[in-house]
1. Might you check whether a residue that is part of a loop (DSSP other than H, G, I, E, B), surrounded by fewer than 18 Cβ atoms within 10 Å (Cβ to Cβ) and in contact with a strand residue (DSSP E or B) (Cβ under 6 Å, 6 or more places away or on another chain) occurs anywhere in the range 30-41?
2. Looking at this structure, is ILE258 closer than 23 Å to LYS187 by Cβ, within 17 Å of the chain's Cα centre (by Cα), of a type in the set (Val, Ile, Thr) and buried (at least 18 other Cβ atoms within 10 Å of the Cβ)?
3. Just to be sure I understand, how many residues within the range 130-165 are hydroxyl-bearing (Ser, Thr, Tyr) and buried (at least 20 other Cβ atoms within 10 Å of the Cβ)?
4. Confirm whether LYS105 is in a strand (DSSP E or B) and surrounded by 15 or more Cβ atoms within 10 Å (Cβ to Cβ).
5. Does VAL76 satisfy the criteria of being outside any loop (DSSP other than H, G, I, E, B) and in contact with a Pro (Cβ under 7 Å, 6 or more places away or on another chain)?
6. Would you please list the contacts, defined by Cβ atoms under 7 Å and residues six or more apart or on different chains, that run from a residue in the range 28-53 that is within 15 Å of ILE93 (Cα to Cα) and of a type in the set (Val, Ile, Thr) to a residue that is open to solvent by less than 10 Å² (accessible area, probe 1.4 Å) and in a helix (DSSP H, G or I)?
7. Filter the range 187-241 down to residues that are under 21 Å from the mean Cα position of the chain (by Cα) and assigned to a helix (DSSP H, G or I), then give me how many there are.
8. Looking only at the range 166-177, filter to residues that are in contact with a helix residue (DSSP H, G or I) (Cβ under 7 Å, 6 or more places away or on another chain) and not in a loop (DSSP other than H, G, I, E, B); which one of those is most open to solvent (accessible area, probe 1.4 Å)?
Amino acid sequence: MPNFNKLNRTFKQITRNNKNFSSIAKKDYSLFQKFFEKEKQTTYGNSWTYITQGMYGIGESNLGYKYYDGENLSAVCIYPKIENPKVNVFYWIRPMGKNVFKEIKKFSNKILKEEEIPTSVTKIFKNEYNSLINAGFKSSKEFPWHSTAHAEDDTYPEIITDIQSTLINKKNRKSTRKALKVFDKLKDQIQIKKITTQQDQKIAWKIVKEFFSQNIETLSSNLSNPYDYYNIIFNTAPKKETLYLLQYNNFPAGIFDIYRMSDSTACTYMSLMLREHISNLDDFATIYTCKKLFKEDYQYLNVGGSETKGLHQFKLKLHTYKKQRMYWAVLF
């Protein structure tokens, strides 16, 4: 784990003369939600969960920092590169607002010149990316988040699943048929419970740590760690998000979430299953989610982008409504 005290001191040092930077607190949920609702384009990144999930250890409330000047808003943080921890990078995460990219360009050039700290602007649309490229920023492929995943979970596009087409298997896809069969096979052995109490949270956190200790081949290329899920469990988005405990014959075997982003679209940010105990629980959880959302008249499930080709292919198993590419731009 990085030295969070040092990172927080560095952040405060380089932002000391700019009053628009401050720690994110739980009360800021409504502020971010107000900006999300103004966005004309939708993305997996337009949620409290996405903004705060990777912020463990950052900021006074463990929720990261923000830039807010009354008109523009972005989550921000400083974090070391995975493969070169001596290099700290300043991140702007899902920036929003009429003039936010003007502020990003100005501040990023300042800290690069004065502090030799590079900047990464994440989860942005193509037109926003082009604006930064025209201002001297580069593609994240030239300064990657990781050599195997240049733009973290945006290395591969967001996958938006068509819920109804999946449940009726409109295209008669073999992979979808298999997932539906898995659900029917396991439904009498699995219990789904909402995570609502502190004891439930403790069980969920235990599952997270056990997930990462599994001896599973796919985990060998996984660049996440348990603390990427800490805020999802302990700082859940109010009203929008529900966390679920999956029990197999009363054994706690997995956790997943449903985030209701709009009247038509929901997202899922977490699906961690103890596959050493029983396989195919991911398929079960996804079909369960689709069935539940279909009853609530939802049309789409955005399962986000991916860091790896394998995860990307897994997300394509069901009926895809749309692939949505998001971008990262860097200044270094």
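The values are calculated or read from the model by the stated rules, or taken from the named source; none is laboratory data. Quantities reported herein were computed from a predicted structural model and do not represent experimental measurements. Note that each Cβ is placed from the backbone with ideal geometry, even for glycine, and that neighbours are counted across all protein chains shown. For accessibility, only protein heavy atoms count, side chains too; no ligands or nucleic acids. Shrake-Rupley method; radii C 1.70, N 1.55, O 1.52, S 1.80 Å.
1. No - not one qualifying residue is present in the range 30-41.
2. Yes: the conditions hold for ILE258.
3. Selection size over the range 130-165: 4.
4. no
5. Here the answer is no, as VAL76 does not meet what is asked.
6. Final answer for the pair search is THR49/ILE232; ILE51/PHE32; THR52/ASN231.
7. Of the residues in the range 187-241, 23 are under 21 Å from the mean Cα position of the chain (by Cα) and assigned to a helix (DSSP H, G or I).
8. Per the criteria, the residue is LEU167.
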